[in-house]
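Novice: Got a structure for you, questions after.
The values are calculated or read from the model by the stated rules, or taken from the named source; none is laboratory data. None of the values given here were measured: they were computed from a predicted structure. Every residue, glycine as well, gets a Cβ built from its backbone with ideal geometry; the counts of neighbours run over all protein chains shown. Side chains are part of the model used for accessible areas, which takes the heavy atoms of the whole protein and leaves out ligands, DNA and RNA. Shrake-Rupley method; radii C 1.70, N 1.55, O 1.52, S 1.80 Å.
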Amino acid sequence: MSGGHVEAIRALTDVLVTGASGFAGSHLIDLLQQSGASITGWRHSSHRSPGKNPSVQWQAVELLDADAVRRAIADVRPSRVFHCAGAAHVGHSWDDARETLATNVLGTHHLLSGLRAAGIRARVLIPGSSYVYRQSEHALKESDPIGPTNPYALSKLAQEMLGARGSGDDGQEVFVTRSFNHIGARQDPSFAAPGFARQIALIEAGRMPPTIQVGNLDARRDLTDVRDTVRAYRDIIERGRPGTLYNVCSGKAYTIRSLLDRLIALSRVPVGVEVDPARYRPHDTPLLLGDRTRLTEDTGWEPAIELDQSLSDLLEYWRKAIE
């Protein structure tokens with residue numbers, strides 16, 4: 001990162017991160033703290049505050065409470081907003097489509113409306129999802145057709161449309177990503193990689209039988225370390241073009257089987273595998289692979305952390321959590 005860019009980040013004293021205690025949000029907080037930025041972190045009231053830190057002001061704000069959001073926005077008056085809050089699980093969206101749609105769509109609407117009501121012109125990043133794309137056998141570009149096939153993807157497409165309105169009618173500078181799968185510490189174990197790592201850590205600790213329960217292992221996914229992903233978010237909001245869609249991805253696809261095999265190879269004890277049909281998702285996409293050309297050309301970003309390092313760090317995180 002250039003010296004000039006460090007100074008640009010350090011100058012930000014009014015950064016708002018929603019979902020700041022969540023997976024991507026917490027890693028973004030870590031990244032911004034390294035540059036000395038002063039940050040307001042919004043968390044759900046059901047989440048504990050991660051602790052005292054002079055560079056982070058924690059607030060419990062319910063995004064579905066429009067009045068609470070409006071008051072909090074008027075108090076913070078941010079010039080940069082990273083909207084990391086939201087429902088993020090494709091499988092869970094089939095179980096509770098109402099919650100997924102409300103959280104992702106209404107929450108985003110309330111945030112943008114709060115900025116508009118306060119007369120604040122901000123640079124706003126809305127992380128979207130690669131699941132809005134139509135199924136394809138090639139690396140997806142931002143210009144490729146859309147075709148969401150699950151409630152989660154529908155909610156993320158609606159977020160994109162709200163972001164486009166914000167860039168056009170509301171006077172905000174809105175940046176929207178189509179983020180592909182990212183992995184790392186603090187991710188909920190209902191996702192594949194942390195689920196595998198957690199089970200291996202439990203097996204190593206003698207706290208579960210030596211067999212991992214798995215779903216579909218043949219799906220191929222573009223995987224990026226979450227630490228690289230949030231670095232892309234920072235670079236987009238500082239160097240990107242407002243109103244532009246950006247794929248955030250590695251450009252490399254791996255089967256879930258390969259992911260599991262690599263984690264098992266890191267295990268300290270023998271581990272078996274057993275397929276559980278209940279873990280299969282309805283309408284699972286066979287391949288999800290992205291093209292990051294636009295992001296790299298506009299910001300200079302490229303992934304820096306290799307998959308094997310990501311998986312090693314992830315397994316070590318779960319070993320410590322189990323202890």
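Novice: Might you let me know whether region 61-74 holds any residue that is over 16 Å from residue 15 (Cβ atoms), within 20 Å of the chain's Cα centre (by Cα) and of a type in the set (Gly, Ala, Ser)? Walk me through it before giving the result.
Specialist: Looking only at region 61-74, we keep the residues that are over 16 Å from residue 15 (Cβ atoms), and these are 62-71, 74.
Pick out the ones that are also within 20 Å of the chain's Cα centre (by Cα) and you get 62-64.
Still in the running and of a type in the set (Gly, Ala, Ser): none.
No: region 61-74 contains no residue that is over 16 Å from residue 15 (Cβ atoms), within 20 Å of the chain's Cα centre (by Cα) and of a type in the set (Gly, Ala, Ser).
Novice: Oh, and also: Which members of region 265-323 meet the condition of being acidic (Asp, Glu) and either in contact with a strand residue (DSSP E or B) (Cβ under 9 Å, 6 or more places away or on another chain) or in contact (Cβ under 8 Å) with a residue 12 or more places away in the chain (or both)?
Specialist: Our first condition is that a residue be acidic (Asp, Glu); within region 265-323, this holds for 274, 276, 284, 291, 297-298, 302, 306, 308, 313, 316, 323.
Answer for region 265-323, where residues must be acidic (Asp, Glu) and either in contact with a strand residue (DSSP E or B) (Cβ under 9 Å, 6 or more places away or on another chain) or in contact (Cβ under 8 Å) with a residue 12 or more places away in the chain (or both): 274, 276, 284, 291, 298, 306, 308, 313, 323.
Novice: Go over the candidates 194, 209, 189 one by one and state the one that is under 19 Å from residue 92 (Cβ atoms) and open to solvent by 10 Å² or more (accessible area, probe 1.4 Å). If you could, list the steps in order and put the result at the bottom.
Specialist: Details: 194 fails: open to solvent by 10 Å² or more (accessible area, probe 1.4 Å); 209 fails: under 19 Å from residue 92 (Cβ atoms).
Testing whether each residue is under 19 Å from residue 92 (Cβ atoms) and open to solvent by 10 Å² or more (accessible area, probe 1.4 Å) leaves just 189.
Novice: Just need a number here: residues in region 224-240 that are touching a Ser or Thr at 6+ places or on another chain (Cβ under 7 Å) and either of a type in the set (A, V, I, L, M) or under 19 Å from residue 312 (Cα atoms) (or both).
Specialist: Within region 224-240, residues that are touching a Ser or Thr at 6+ places or on another chain (Cβ under 7 Å) and either of a type in the set (A, V, I, L, M) or under 19 Å from residue 312 (Cα atoms) (or both) number 4.
One line per residue, one yes/no per condition, for (1) of a type outside the set (S, T, N, Q); (2) under 19 Å from residue 66 (Cβ atoms); (3) out of contact with any Pro (no Cβ under 7 Å at 6 or more places or on another chain); (4) surrounded by 22 or more Cβ atoms within 10 Å (Cβ to Cβ):
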residue: 87; (1), (2), (3), (4): yes, yes, yes, no
residue: 102; (1), (2), (3), (4): yes, yes, yes, no
residue: 107; (1), (2), (3), (4): yes, yes, yes, yes
residue: 125; (1), (2), (3), (4): yes, no, yes, yes
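Novice: Quick one: count up the residues across region 95-114 that are at pLDDT below 95 and in contact with a strand residue (DSSP E or B) (Cβ under 8 Å, 6 or more places away or on another chain).
Specialist: 0
Novice: Regarding residue 245, is this residue under 26 Å from residue 93 (Cα atoms) and in contact with a strand residue (DSSP E or B) (Cβ under 6 Å, 6 or more places away or on another chain)? Don't jump to the end; show me each part of the working.
Specialist: On the way: under 26 Å from residue 93 (Cα atoms): yes; in contact with a strand residue (DSSP E or B) (Cβ under 6 Å, 6 or more places away or on another chain): yes.
Criteria met by residue 245.
Novice: Restricting region 127-173 to residues that are free of Cβ contacts under 8 Å to residues at least 60 places away in the same chain and farther than 19 Å from residue 108 by Cα, which is surrounded by the most Cβ atoms within 10 Å (Cβ to Cβ)?
Specialist: Among those residues, the one meeting the criterion is 144.
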